[in-house]
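Engineer: Okay, here's the structure, questions in a sec.
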Amino acid sequence: MEGLTMGSYGAYVWSCFIMGGLVLLICDWRARSLQRKVYRDIEVRIKALGDEL
Amino acid sequence: MKPRQQRMLAVGLVVVGVAVAALFTLQALKDNMMFFVSVSDVVAGEYPQDRNFRLGGLVLAGSVEREEDSLEMTFKVTDMRCEVPVSYTGVLPDLFREGQGVVAHGRLDGSGVFIADTILAKHDENYMAPEVADSLVDHVADQTAPLTEYTTGCNEQ
Amino acid sequence: MWKFIHKLASPPHFYNLAPKLVPWFTVPGVLLVAYGVYAGLFLAPADYQQGDAFRIIYIHVPSAYLSMMAYMIMAVSAAIGLIWRIKLSHAVAAAAAPLGAWFTFLALATGSIWGRPMWGTWWEWGDPRLTSELIMLFVYFGYMALRAAIDDTAKADKASAVLALVGAVNVPIIHFSVEWWSSLHQGATLLRKDGPAMDPSMLYPLLAMILAFTFLFGALLTRRIRTEVLFRERRTRWVKDMVLSAKGRN
């Protein structure tokens, strides 16, 4: 447990590492959700148009 | 000239033009871009007279004096040539120590003492383990030796 | 060579190739992060001056480096898009911007958290390194806002490309700010004439983290470009055929 306190700097060090992980996760989630949204919009439009396209 | 070459030229001109404009702007603002004023400049009287400013330098080894039972303290800041006495009351950053780079914010009083309201610590770009640093102690001692010699030559510049 | 580039830059080809490329970035990226975080937090010794607080470097430096790298990718792609009119390169620039903004934010936030215990301040207005990095965040925001404000993709590409080129002047300013002016921020540790000023036991985890962030950025950028390509090609035959056959969803 001693190593986790980082000699009184634990709050600073851990918050930076957690924030780094969060940013990577948010970027991953954003890339995924954007791809789904764009694909779904195209799907909806193609189905709505039917053979007109 | 082919259209593609024209576009290449246009892009090149934009980049070069902006770079040149930035260069001139930064040159004109050079003094304002300085985050702090050096000790020698302060001693030479080259600092903003009408407002607070930042003074940057190293804490002179052996110059730190603390008042008992209070946060009041005095020390000298040096740039290896000149030195300026600093008076400060308050909490210091963890990195504050003798020989360390500091940036003090405040103003000079009539007697040439810099009255600081904020002290920030600077650290250098070297990273090493404490044991390694300890083995370099002799080297550091060599560096602090000429410090006093340099500081006496201040006004002769 | 040109044939290969043209094939790579062809939207349907890139769209189908990208998912195969992504694992080559993600897998080494995740492995390097695992090593870098563990070694940075537990194997590297504490710094002689900063103690354990210096470990913030393992997030701060990779994100600061990526913030500038992403900008260079954005600006160079924008220039290529303007000059050679390659569709894919504008898509690259548009995809790089939000990622660059996130890593700029991360560099500023971790720098602020690092500055509090070491320098004694969260933020100092007027410091050239801090200010120029903050300006870059605003340039990213401006770039994205400009794109969002123009409906016509071709016009948005051109206008935002010019903005990206103009803002590129800031990148060398960020890098050299600590040399040109006095700053609270210390000088360069890694990119020095006489080699990195860092103990190898601290340096290797840092290099691993820089490489890891680069790989993960590569994976994110590839996925973002792919989505951007899909959006730009939404009215084309190949996209319609693909969607009707229910392929290429993820």
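Engineer: Taking the range C:36-51 only, how many residues are in contact (Cβ under 8 Å) with a residue 60 or more places away in the chain, surrounded by 19 or more Cβ atoms within 10 Å (Cβ to Cβ) and not in a helix (DSSP H, G or I)?
Structural biologist: Matching residues across the range C:36-51 total 3.
Engineer: Follow-up question, since we're still on this one. Filter the range B:57-76 down to the residues that are part of a strand (DSSP E or B) and either among the charged types (D, E, K, R) or more than 17 Å from B:ASP109 (Cα to Cα) (or both) and list them by number.
Structural biologist: B:GLY57, B:LEU58, B:VAL59, B:GLU65, B:ARG66, B:GLU72, B:LYS76
Engineer: Return the residue satisfying two criteria in turn: it lies in the range C:143-179 and is buried (at least 18 other Cβ atoms within 10 Å of the Cβ) and small (Gly, Ala, Ser), and of such residues it is nearest to B:GLU125 (Cα to Cα).
Structural biologist: Checked the range C:143-179; the qualifying residue nearest to B:GLU125 (Cα to Cα) is C:SER177.
Engineer: What are the pairs, 6+ residues apart or on separate chains, where a residue within the range A:8-25 that is crowded, with 17+ Cβ neighbours inside 10 Å has its Cβ under 6 Å from a residue that is outside any helix (DSSP H, G or I)?
Structural biologist: Going by the 6 Å Cβ cut-off, the qualifying pairs are A:VAL13/A:MET6.
Engineer: Checking the condition modelled with pLDDT of 80 or more and exposed (fewer than 13 other Cβ atoms within 10 Å of the Cβ), which residue from B:SER111, B:SER87 passes?
Structural biologist: Matching residue, one of B:SER111, B:SER87: B:SER111.
Engineer: Sticking with this structure for a sec: Restricting to the range C:35-58, name every residue that is within 20 Å of the chain's Cα centre (by Cα) and away from chain B (no Cβ under 14 Å).
Structural biologist: C:GLY36, C:VAL37 - these are the residues of the range C:35-58 that are within 20 Å of the chain's Cα centre (by Cα) and away from chain B (no Cβ under 14 Å).
Engineer: Return the only residue of A:VAL44, A:VAL38 being more than 7 Å from chain C (Cβ to nearest Cβ), part of a helix (DSSP H, G or I) and among the β-branched types (Val, Ile, Thr).
Structural biologist: The unique qualifying residue is A:VAL44.
Engineer: Can you report the number of residues in the range C:6-35 which are closer than 23 Å to C:LEU211 by Cβ and surrounded by fewer than 13 Cβ atoms within 10 Å (Cβ to Cβ)?
Structural biologist: Residues flagged as closer than 23 Å to C:LEU211 by Cβ and surrounded by fewer than 13 Cβ atoms within 10 Å (Cβ to Cβ) within the range C:6-35 amount to 4.
Engineer: Here are some conditions: (1) at pLDDT below 95; (2) part of a helix (DSSP H, G or I); (3) surrounded by fewer than 17 Cβ atoms within 10 Å (Cβ to Cβ). C:LEU191 meets all but one. Which one does it not meet?
Structural biologist: (2)
Engineer: May I ask you to say which residue of C:LEU207, C:LEU220, C:LEU216 is under 30 Å from C:VAL22 (Cα atoms) and either acidic (Asp, Glu) or surrounded by fewer than 22 Cβ atoms within 10 Å (Cβ to Cβ) (or both)?
Structural biologist: C:LEU207
Engineer: Here's a follow-up. Taking the stated definitions as given, is C:LEU206 within 14 Å of chain A (Cβ to nearest Cβ) and either assigned to a helix (DSSP H, G or I) or within 30 Å of C:MET118 (Cβ to Cβ) (or both)?
Structural biologist: So C:LEU206 passes the test.
Engineer: Restricting to the range B:1-59, name every residue that is at pLDDT below 85, buried (at least 17 other Cβ atoms within 10 Å of the Cβ) and either more than 9 Å from chain C (Cβ to nearest Cβ) or touching a helix residue (DSSP H, G or I) at 6+ places or on another chain (Cβ under 6 Å) (or both).
Structural biologist: B:MET33
Engineer: Just a yes or no: is a residue in the range C:173-187 over 26 Å from A:PHE17 (Cβ atoms), facing chain B (nearest Cβ under 8 Å) and in a loop (DSSP other than H, G, I, E, B)?
Structural biologist: yes
The values are calculated or read from the model by the stated rules, or taken from the named source; none is laboratory data. Please read all numbers here as calculations on a predicted model, not as lab measurements. Quick reminder, even Gly has a Cβ in these numbers, built from the backbone with ideal geometry, and neighbours come from all protein chains shown.
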